[in-house]
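What follows is one structure encoded as structure tokens, with my remarks underneath.
The values are calculated or read from the model by the stated rules, or taken from the named source; none is laboratory data. This structure is a prediction, so every number in the text was calculated from the model and none was measured. Positions of Cβ are backbone-derived with ideal geometry, glycine not excepted, and every protein chain shown enters the neighbour counts.
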Amino acid sequence: MYWEEDIKDELAYLDDIFQKRHLVITEFAEQPWLTVNGRKMLNLASNNYLGYAGDEELKKTMSDAVMTYGVGATASRLIVGNHSLYEKAERALVNWKEAEAGLIINSGYNANLGIISALVPRNGFIFSDKLNHASIIDGALLSRAKLQRYRHNDVNHLESLLKKVPFESRKLIVTDTVFSMDGDFAKLEELVKLKEQYNTLLMVDEAHASGVYGKNGEGYSYFLDLQDKIDIQMGTFSKALGSFGAYVTGKQWLIDYLKNRMRGLIYSTALPPAILGAIKAAIEKVQQDTDRRLLLQQNATFFRKALTYEGFDTCKSQSQIIPIVTGENKRTMQFAERLQEEGIAAIAVRPPTVPQNKARIRFTVTADHTREDLDWAIKKVSQIGKEMGVIQ
Ligand SMILES: *Cc1c(COP(=O)(O)O)cnc(C)c1O
């Protein structure tokens, strides 16, 4: 056995091709200015789109719940971990989403793993957009069903794949609604048509859309008024809703089935009661928060337009996720380093997360950023872009 040698070789290789990852130490990431390895920087890397992670009301709700109920759930939900706050939070969830039933799950990663692997049998088929989140792929692999990845947002490609499988087989089409690396939207109208035509279930992952899109922040499906046509709606409380955890909503039979078959629910400790308190409060708050949603969209549009005007390729971003394509890994890493030196925290996204030579810097804006913050960042980013020959 040569475990150590082999693994060290692989790490050295990752380093050579500028794909080795390092953990940095952060504090105050819930704020527009955070510290990274002790240095203050503008936070253009968080998913805290509405600023809820640092919200005073939510902080108070959560700390009160800690003092009343303690720090942990003590067991899984099917044992004694199903705290009464689950019931309250799930009722708030179902009201918010106007769904028949809903379930809170320990994290978005767990949700996708658990839902997909519980639902799709080994002789079933899963059709997944090529740019879907890794947790969807992992769930599909765990199900051992046949996984077919269609080209990003290419409904013709998807249809050609759907045509080849038996009409009566169990089929699932699954997509992110807002794609996490490109910041563009799924073509939900077309997916709904295909789903109806080919007798499949449709599942959406609203991780980046929960709290952000729709009249009451219910998600992008609601923005398009397609919610009643989508069988499985998954989203998270860990991004715009500020804390932690995820949800799934749908028909009663779906939720009952997941309670019986989803291994992540059965074999993992329940969420701490205080998190459930924060989730419930965030669901109630977000429905009233049209102003912050608007502010977020204004910030996103402002930042995206300014970078495009400067000559950057912002892919097909239409959301608060705004990438700029920088190309090769090496140049991208240097770009990210220069941003850090100038006091901007943004992440470099490299293969295999994105295609070769399509490495990018990914910015996310929040409702908490001021116009001065963004103006300052645009100047810095443009200056570095010119230095490095990314723009003219
Ligand atoms: C972040 C994310 C997840 C994972 O959610 P967590 O709560 O962080 O585990 C799943 N899907 C998508 C599209 C995401 O962006």
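Which residue pairs have Cβ atoms under 6 Å apart, sit 6 or more places apart or on different chains, and have a first residue in region 43-65 that is of a type in the set (Val, Ile, Thr) and a second that is part of a loop (DSSP other than H, G, I, E, B)? Going by the 6 Å Cβ cut-off, there are no qualifying pairs. The listed residues are Asn37, Asn43, Asn106, and the only one of them that is in the same structural domain as Asp182 (by TED's automatic domain parsing) and closer than 30 Å to Arg362 by Cα turns out to be Asn106.
For (1) touching a helix residue (DSSP H, G or I) at 6+ places or on another chain (Cβ under 6 Å); (2) farther than 30 Å from Ile79 by Cα; (3) in contact (Cβ under 8 Å) with a residue 40 or more places away in the chain, each residue gets a yes or a no:
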residue	(1), (2), (3)
Val192	yes, yes, no
Lys195	no, yes, no
Tyr220	no, yes, yes
Leu224	yes, yes, no
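Filtered by the rule that a residue be of a type in the set (Gly, Ala, Ser) and out of contact with any strand residue (DSSP E or B) (no Cβ under 7 Å at 6 or more places or on another chain), region 111-127 gives Ser117, Ala118.
When region 153-167 is filtered for residues that are surrounded by 17 or more Cβ atoms within 10 Å (Cβ to Cβ) and in a loop (DSSP other than H, G, I, E, B), the ones remaining, listed by number, are Asn153, Val165. Restricted to helices (runs of 4 or more DSSP H) entirely inside region 255-316, those with at least 2 residues that are basic (Lys, Arg) and free of Cβ contacts under 8 Å to residues at least 60 places away in the same chain are 290-310. Residues of region 233-284 that are out of contact with any helix residue (DSSP H, G or I) (no Cβ under 7 Å at 6 or more places or on another chain), surrounded by fewer than 24 Cβ atoms within 10 Å (Cβ to Cβ) and basic (Lys, Arg): Lys251 alone.
Scanning region 308-333 for residues that are crowded, with 24+ Cβ neighbours inside 10 Å and over 18 Å from the mean Cα position of the chain (by Cα) yields Ile324, Thr326, Thr332. The sole residue among Ala140, Ala89, Ala101 that is more than 21 Å from Val192 (Cβ to Cβ) and crowded, with 17+ Cβ neighbours inside 10 Å is Ala89. Residues that are β-branched (Val, Ile, Thr) and within 16 Å of Tyr267 (Cα to Cα) within region 62-84 comprise Thr74, Ile79, Val80, listed in sequence order. Condition check: surrounded by fewer than 22 Cβ atoms within 10 Å (Cβ to Cβ) and either under 30 Å from Asp373 (Cα atoms) or free of Cβ contacts under 8 Å to residues at least 12 places away in the same chain (or both). Does Arg77 satisfy that? No. In region 335-351 there is at least one residue matching the filter, namely being in a loop (DSSP other than H, G, I, E, B), of a type outside the set (A, V, I, L, M, F, W, C) and at pLDDT 95 or above. Looking only at residues in region 118-133 that are in contact (Cβ under 8 Å) with a residue 60 or more places away in the chain and closer than 19 Å to Ser210 by Cα, the one that is farthest from the chain's Cα centre (by Cα) is Asn132. Of the residues making up region 205-250, those that are small (Gly, Ala, Ser), part of a loop (DSSP other than H, G, I, E, B) and within 15 Å of the ligand (Cβ to nearest atom) are Ala207, Ala209, Ser210, Gly211, Gly219, Ser238, Ala240, Gly242, Ser243, Gly245.
Evaluate region 121-138: report whether one residue or more is touching a Phe, Trp or Tyr at 6+ places or on another chain (Cβ under 8 Å), within 16 Å of the ligand (Cβ to nearest atom) and among the basic types (Lys, Arg). Yes.
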